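Every read-out reported here was derived from the displayed coordinates using simple, explicitly stated rules and does not represent laboratory data. A quick note: this is a predicted structure, and the numbers were derived from the prediction, not measured. Note that we place each Cβ from the backbone using ideal geometry, even for glycine, and neighbour counts take in every protein chain shown.
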Amino acid sequence: MTDLDPTKSDQTAKPGADTHSTPDETFTWTADEAPTGAGASAGETTGGGILESLREAVDDLVVKAGPTVREISAKAAEIAASAADKAAPAVRRAGEATAEASGQLAKKSRDWASDLRGSRAGTGPSAGPGPPPACQGRPPRRDRPRGPRPTKATRGRPRPRADPILAAMSVRPIVMLGDPRLRLKGQPVDSFGKFLHGLLDDLAHTMRDAPGVGLAAPQLGEPLQVAVIEVERQLHELVNPRIVRSEGDDRDLEGCLSIPGYVAYVTRRERVWVVAQDRLGRKIRVAGSGLLGRALQHELDHLDGKLYIDHLESMDELLPVGAGNEDDAEVREATSALA
């Protein structure tokens, strides 16, 4: 047996010899080696046929699904209409109940106002000798002592200029019982600009002029979640207030600048915690008991369209102020802070 000469080109491998080669990872088709001619045309024809078959299948699916989709849409519309028909009576009943409740509340306010006016005129069961307005602790303006008259020495001198801050505030008329604005719920405040600042100033000035210790925006005819309270010379400006916690019970006398001349014993929570915003929109917290706690609850009632008389069972529980009672001074002192 002789060795094969590797220099000869006509030599062949022996039968059964290993002729496998290692794959070349860099192998690619060249332009000249790419499939062309009949083979390529056959491939393109096959691919086009597949795409056409897919299009036909999709179109056929759309055609078959159309009635089903329409049927589902019709069924959904039928269900929605049925639900609306079933809900309509409930919605109407709710609207009627709300309207009836509002009418009853308005009638109650008118009746209270009429009865109180009759009592003051001497035609009611609680007629007295003309009770003075509630929460008053000082004489009327016409009876207050006036300042000294100008003399020759002072006549002609320039008057001192008014404080621009106090000049911007004004005493506004307080809404009385029977006015429907007193029953409006205050709307949340979302703008903390010039209007709100002016309203807070007016509330404080009107409250101090009354005098009182609290006043809510609805009492000035403004249905907004705004109120002021001043206890022990500390002014609380409350915007969007709400009670987040309370404890205990306390029963004491209570009056209102919107219902002058009368007070009544009302049971309130002994201590409350309130969160609110100030005139700049910053979050604040106020906790109070005693007079402050009662005033907080009283003013927040106003912001919800409620009055302290709504906590009474009958008008007979009202006590006229200034009817000559022995404890009249104590009554005025106890109620001088509430509005």
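Observations on the model:
- Among 282-291, 266-275, the order from most to least packed when residues are scored by Cβ within 10 Å on average: 266-275, 282-291
- Most to least packed among 303-309, 240-246 [average Cβ atoms within 10 Å]: 303-309, 240-246
- Potential extension, Val244-Lys64 segment - 0.36 nm per residue separation minus Cα distance: 58.8 nm
- Residues with amide H under 5 Å from that of Gly305, placed H, sequence gap 5 or more: Gly186
- Packing around the peptides 80-87, 216-223, taken as the average count of other Cβ atoms within 10 Å per residue, puts them in this order, highest first: 216-223, 80-87.
- Inter-probe distance in nm under a simple model that places probes 7 Å from Cα toward Cβ, at Leu54 and Ser82: 4.2 nm
- Shape category assigned to the stretch 245-285 from the gyration tensor of Cα positions, a/c cut at 1.5: oblate
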